[in-house]
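Heads up, the thing below is written out as structure tokens.
The values are calculated or read from the model by the stated rules, or taken from the named source; none is laboratory data. From a predicted model like this one, the values you see are computed outputs, not experimental measurements. Every residue, glycine among them, receives a Cβ derived from its backbone with ideal geometry; neighbour counts consider all protein chains shown.
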Amino acid sequence: MTGTMALPIYHIDAFASAPFTGNPASVCPLERWLPDHLMQQIAAENNLSATAFFVPEPAGAAADYALRWFTPAVEVDLCGHATLASADVVLGDLRPAAQRVRFSTKSGILTVERAGGLLALDFPARPPKPCAAPAGLAAALGAAPVEVHAARDLMCVFSSEETVRALRPDMVAVARLDTFAVIATAAGRDVDFVSRFFAPAKGVPEDPVTGSAHCTLIPYWAERLGKTSLSARQVSARGGDLACALHGERVRIAGRAIRYMSGTFHV
């Protein structure tokens, strides 16, 4: 054994309808922060789209835990599926009598609460604004969107769900675009809207299910469809279902968390 610390780790499928669906996240509860470079190395070793680390906040603080998220390549400012997975660990194991958990993050206080058999995230809305398509966008995605909008991510609206499903992006070309990530979306056949999410420059070529992208998708589709409660599906290979709602400057994103594995890692 070469490690000096043995720490708990969980592997949880978030926004999942069954095992092996949704977006897998690693969750590492800590008593105190590890060095940043070590958390980044752990995330790279886990090789999932996100690894979450959280530590307890002091008594009387505005949140119960401080939470951070890392892709295999970078730390990010907001991650929905790993927040859902972290809440599953807290409400399932650490505080099973609690109805909600509050996380202090780079995106403010994020609350997750029980909602029947689901967990519901309360996140900030990130409404997109129309913008010009950057050079090379259609070639990078393999199809030309009918609308392009920007928030943190570039959001590309297509004419049909079939077009979004058929996209085969050139990930090298997508990584060269001047944006954090690219969202592809369209109206859905049996849900209100569908999406896919590509962030190759951040170590995530295609994310299976992306909570943070829905901070942008929900305000757009709520305005376009004239409704504040929406059903969504991310049509990646694994797929994931999200129950969404717009509440002013906040969005509610609910889904299931299914535990795949728990154990110990050594560093």
* Out of Thr111, Thr105, Thr83, Thr71, sole residue that is touching a Lys or Arg at 6+ places or on another chain (Cβ under 6 Å), of a type in the set (Val, Ile, Thr) and closer than 22 Å to Ala245 by Cβ -> Thr111
* Residue that is at pLDDT 95 or above and within 15 Å of the chain's Cα centre (by Cα), where the choices are Ala87, Ala61, Ala98, Ala66 -> Ala87
* Could you please let me know if Arg102 is part of a loop (DSSP other than H, G, I, E, B) and in contact with a Leu (Cβ under 9 Å, 6 or more places away or on another chain)? => no
* **Filter result for Ala232 (surrounded by 23 or more Cβ atoms within 10 Å (Cβ to Cβ) and farther than 18 Å from Val76 by Cα)** => yes
* Consider Glu147 carefully, then state whether it is closer than 19 Å to Leu217 by Cβ and among the acidic types (Asp, Glu). => yes
* Asked: Quick one: would you say Gly203 is surrounded by 23 or more Cβ atoms within 10 Å (Cβ to Cβ) and in contact with a helix residue (DSSP H, G or I) (Cβ under 9 Å, 6 or more places away or on another chain)?
  -> no
* Looking at (1) under 18 Å from Leu119 (Cα atoms); (2) at pLDDT 95 or above; (3) not hydrophobic (A, V, I, L, M, F, W, C), which is the one condition that is false for Thr264? -> (1)
* Considering only the range 233-263, how many residues are more than 17 Å from Asp13 (Cβ to Cβ) and of a type outside the set (Val, Ile, Thr)? -> 8
* Structure fact -> Within the range 155-181, restricting to residues that are under 21 Å from His214 (Cβ atoms) and among the aliphatic types (A, V, I, L, M), the one that is surrounded by the most Cβ atoms within 10 Å (Cβ to Cβ) is Met155
* Please enumerate the residues belonging to the range 1-54 that are of a type in the set (Val, Ile, Thr) and touching a Lys or Arg at 6+ places or on another chain (Cβ under 7 Å). => Ile12, Thr21
